[in-house]
Structure formats: structure tokens, C-alpha cells
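Some notes on the structure that comes next.
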Amino acid sequence: MAIPSRENRMNRSKRFHIQTFGCQMNQHDAQKMANLLFHDGWAPADQVEAADLVVIHTCSIREKAEHKLYTELGWLLQRKQAEPELVVGVGGCVAQQEGEALLRRFPALDFVFGSQNLLHLPELAREAGARRRGLRVDYDDDPQARFELPELHPEFASTSPGRAFVTVMEGCDLFCAYCVVPRTRGREVSRGSDRILAEVGALAAGGVTEVTLLGQTVNAYGRSRPGMAQGEIGFADLLRRVAEVPGIRRIRFTSPHPSFVSGDLVEAYRDLPQLCPHLHLPVQSGSDRVLQAMNRRYDRASYVDIVARLRSARPGIALTTDLIVGFPTETDADFRETLELMREVRFTDSFSFKYSERPGTPAARRGLGELDPAEVQARLLQVQALQAELTLEAHRARVGGRTDVLVDGQSRRGASHFCGRDPHNRLVNFSAASDIAQGAYADVTIDGYTPHSLLGREVAPAR
Ligand code: SAM
Ligand code: SF4
């Protein structure tokens, strides 16, 4: 018998669909929005065409991400001409940044809500049903209010079987010269650790074994800041307490900032087996001059020192990073320093981006302009080619080893093949003698690799 789809199982008449762009914080916010709508009587529609309400959940980190909103919105508002009952809302970072201007520019758009106004989504959707347009982009007077959302229904709690995100802090006070986040997400606020631990406990009780702690500068957690719950703990202590929650086998976090990699955090890598041997630590550039112009607050030597301390605390730890090429004034010599740093650290993987000028950022205000686009594109390709070499080298070094894989499901490689992530956050495709459930762990020997994954076979059921 066919398993009924989620929308049919829920048997509700009103259906929503959320289209999310951007980072893991956005993905998790989309889960929170779905949960809020569900509590207000809505059911999720798997296909956008079946939805009565469509929310576009936007990202404005680079211009390209912002353009996706306008493409999607154009298409939806055209559909709305034929289906006037369709409700369309825009949330997330572009909504926060543009606010009322979006409503003015798109007269058929029903509502706009910012990144700290998720709680208002059900009410905005109801008002839109009564043909009243809405705008909520204000910041709450109580900074903790944004964390006071209803517990996630199991339907929305996991990103994939066995794994879940948990928000520990929000906002950013660092104002890197290129970055729009402090403007779209507001000031840095840490969530009370009692709430975090209660959420992790509930997730573990529901079968989650891997949690990813989220925050824009997640390892700044617990810094003394207005709005932070009193008498609170620092990030390394938080990790220690999460590791004590029964059932939690793996802890990850994103995005950390190099300035807050404390001695305590390095020790946590030494002491906590649950803390995965992988750190995504954005460096952005290998040139001290560019790092300073970016207002990154660390230099190349201190980044390399963090890497050495982490590798000594946890040998074999996989390090990945973010890189920006073509920041205004970046010279060829600056760029070569980035390539050298990549070779020195031997990143297992990286996300690399061309600098994109964002409205209201310090770099945009300085009016430094942009470099020759052809030169920037050539730099990006060089970074990507070098990274491909480094990734292959990291994969080659894993052959012959054993790893434990949290299974996401069947692999596209065929029957009896599965895929999942290992503790180093590498994608592993492997064969197994019998079926393995999503969310289970498999003990795998690695016997090969591709540019994007490790290949192996299950040696013994570790379930
Ligand atoms: N908080 C993290 C940190 O401090 O590194 C970064 C979070 S940001 C959402 C993700 C990545 O987007 C950054 O690490 C940076 O590489 C990239 N990014 C941010 N603003 C950018 C811009 N204006 N142009 C190009 N890339 C950008
Ligand atoms: Fe943006 Fe810098 Fe804050 Fe990261 S630390 S979110 S790059 S301003």
C-alpha cells in the first residue's frame, strides 16, 4: 500500500509551501516557520503548485542570492493573477533589508516579515487571507523573545533522520566590512542554556543522535551581551553539557569565528568524543592586509596557530573554510597569499565566493569599487582548482581507514548501496550486505574515493 503523502496524512484544508534560500540558519528558521503554521491549522504542501500560501524565505548574503527572490516572486505573482486567492509572503534577510520597499515594488505581494519576526507569520497569513497586507520587520524589545517559539513537532524537527539543528545564539556584532548579516540579523544575543539543553534532550528522546548548534558567530556564545540570560556559561561549557545529554552521539556547530576559538574550545576537541573531528572555520583571505581591510580581527599567523592547536588536540581533524576572492583592493600578491594559506593548512574542503558588494556594509560605504570581473573570475577558478587537488589528497589519505557513517538513505550507486556522513563530515557511499535504515549508523572501511565522496563497504553492523 502506498504511504500517504505528508499533506494527505495531515488532512487539513489549508496548505503552505516555504521556499528557502541560504545558510543552515535559514533552513532551520524554515522549520520553525513550518511548525508555527502547522500549529495554526496549516499542512505542508510538498509541491509549490498545491499550496494556498507560499513563503519565499530569502538570503541577501550575495547579490546572486538576492536575485533568486525576484525570479521566484515574478513567477508567483504571475500565477496569482490567475489564482487571486493565493497568498504570497516574503521573509528572511532580504525582507529585513528591504522592508516596505518590497510591498511598494510588488503591489500583489501580501506580506513581508523580517528575520526576528517569525512568530508573526501565522497572523500575517491570516490577515492576508482577509485581504489585508502586512509588514513586520521590527526588532523585539526583549532580545530573548525570538527564542520563545513553540517546540518543534517531530514532523519538522529533523533535517534528515537522526539529525537536527539547535539555535544557540543569533545576530552578529562583528561588522566585517563586506557582510550584511549584522544589518539583517541584528545584534548578537545568546539563548539561555537551560532552553538549549531542554531542546537537545527532547530531540534525543525523539531519536535524534546528531545535533548541529547554530549561530552567526556560534562560538561567541555566552559572551557578556545585553539580552543574554543571566549567570550564563561559555561555548565550551555548553558543548560539555550537550555531550552529557543521553543519546547524543555527535555534536557539530556552525559558523564559528576564529577570534573566539578559545583554549577551552580546543580542550573540548581533546576531551569530548561526541564533538565531531571537523571544524568549518572561515578564514576569508590569506593576506593580512586584506584581513585587516575586511575587519576580520585576526591575522594569518593567529589562524595558523589555531589550526596547529586544534590538530594537536584532535589529530586528524578535518578543517574546511570559506574564502572570498576579489575583495576591493586585493592585489595579485594578496591573492597568492590565499593560495599559499590553503596549501599550508591543507583544507579538506572550502566554499569560495567572489566578493559581492552589499548595500549598507562598511565596504560599500567606503566606495572602494570592484576589481576587474574577469580577473576575479580567474582567481575563483584557481582557488577551486587548488581545492579540488587538496580534497582529493585528503580523500586519498583516508583509504584503508575505518569510519562510522550516519546513514541518510540509499545511494544513487544502486541497490545495496547507501550514503551518509562520517564524523569528519565527508559524504560516504558504501555497499552493505543487508538493508540499513535512515538514521542508523554503519561501520565502514574506506576502499576508494571520488572528488566528492569516500567509497567503502560496511564491515559489521554497528547498530
Ligand atoms: N559568520 C561567518 C564568519 O564569520 O565567517 C560567516 C557567515 S556568512 C553567512 C557565510 C560566508 O559568506 C562568509 O564566510 C563569506 O565567505 C561569505 N560572504 C559573506 N558576505 C559576502 C559578500 N559580501 N561577498 C562574498 N561573500 C560573502
Ligand atoms: Fe558576517 Fe563577519 Fe558577522 Fe560572520 S562575523 S556574520 S562574516 S559580520
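The values are calculated or read from the model by the stated rules, or taken from the named source; none is laboratory data. Quick caveat, the model's predicted, so the values are computed rather than measured. A quick note on method: Cβ atoms are made from the backbone with ideal geometry, for glycine too, and the neighbour counts reach across all protein chains shown.
Being over 24 Å from P182 (Cβ atoms), modelled with pLDDT of 95 or more and out of contact with any Cys (no Cβ under 7 Å at 6 or more places or on another chain) is a property that holds for E337. Among the residues of the stretch 320-335, those identified as in contact (Cβ under 8 Å) with a residue 12 or more places away in the chain and assigned to a helix (DSSP H, G or I) are A333, D334, F335.
Taken together, I436, I446 contain a single residue that is β-branched (V, I, T), outside any strand (DSSP E or B) and farther than 30 Å from S60 by Cα, which is I436. With a requirement of 3 or more residues that are within 16 Å of ligand 1 (Cβ to nearest atom) and either under 19 Å from the mean Cα position of the chain (by Cα) or surrounded by 18 or more Cβ atoms within 10 Å (Cβ to Cβ) (or both), none of the helices (runs of 4 or more DSSP H) lying completely within the stretch 193-278 satisfies it.
Restricted to the stretch 134-176, and to residues there that are outside any strand (DSSP E or B), more than 16 Å from ligand 2 (Cβ to nearest atom) and small (G, A, S), the residue that is nearest to R225 (Cα to Cα) is A145.
Of everything in the stretch 138-185 that is under 20 Å from A198 (Cα atoms) and among the charged types (D, E, K, R), the residue that is nearest to ligand 1 (Cβ to nearest atom) is E170.
Considering E188, E232, the condition of being more than 15 Å from ligand 2 (Cβ to nearest atom) and more than 22 Å from H278 (Cα to Cα) is satisfied by E232 alone. As a summary of the residue check, S60 satisfies the conditions (1) assigned to a helix (DSSP H, G or I); (2) within 16 Å of ligand 2 (Cβ to nearest atom) except for the one numbered (1).
Residues in the stretch 108-130: is at least one touching a His at 6+ places or on another chain (Cβ under 7 Å), part of a loop (DSSP other than H, G, I, E, B) and surrounded by fewer than 19 Cβ atoms within 10 Å (Cβ to Cβ)?
Let us first name the residues in the stretch 108-130 that are touching a His at 6+ places or on another chain (Cβ under 7 Å), namely 113.
From the residues that got through so far, the ones that are part of a loop (DSSP other than H, G, I, E, B) too are none.
No, the conditions are met nowhere in the stretch 108-130.
Residues are listed down the side, and each one gets a yes or a no for (1) without any contact (Cβ under 8 Å) to a residue 40 or more places away in the chain; (2) within 20 Å of the chain's Cα centre (by Cα); (3) assigned to a helix (DSSP H, G or I):
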site	(1), (2), (3)
N26	no, yes, yes
D29	no, yes, yes
K32	no, yes, yes
L37	no, no, yes
V55	no, yes, no
K64	no, yes, yes
H67	yes, yes, yes
L73	yes, no, yes
Q81	yes, no, yes
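Note on the stretch 149-176: residues that are surrounded by fewer than 21 Cβ atoms within 10 Å (Cβ to Cβ) and hydrophobic (A, V, I, L, M, F, W, C) total 5.
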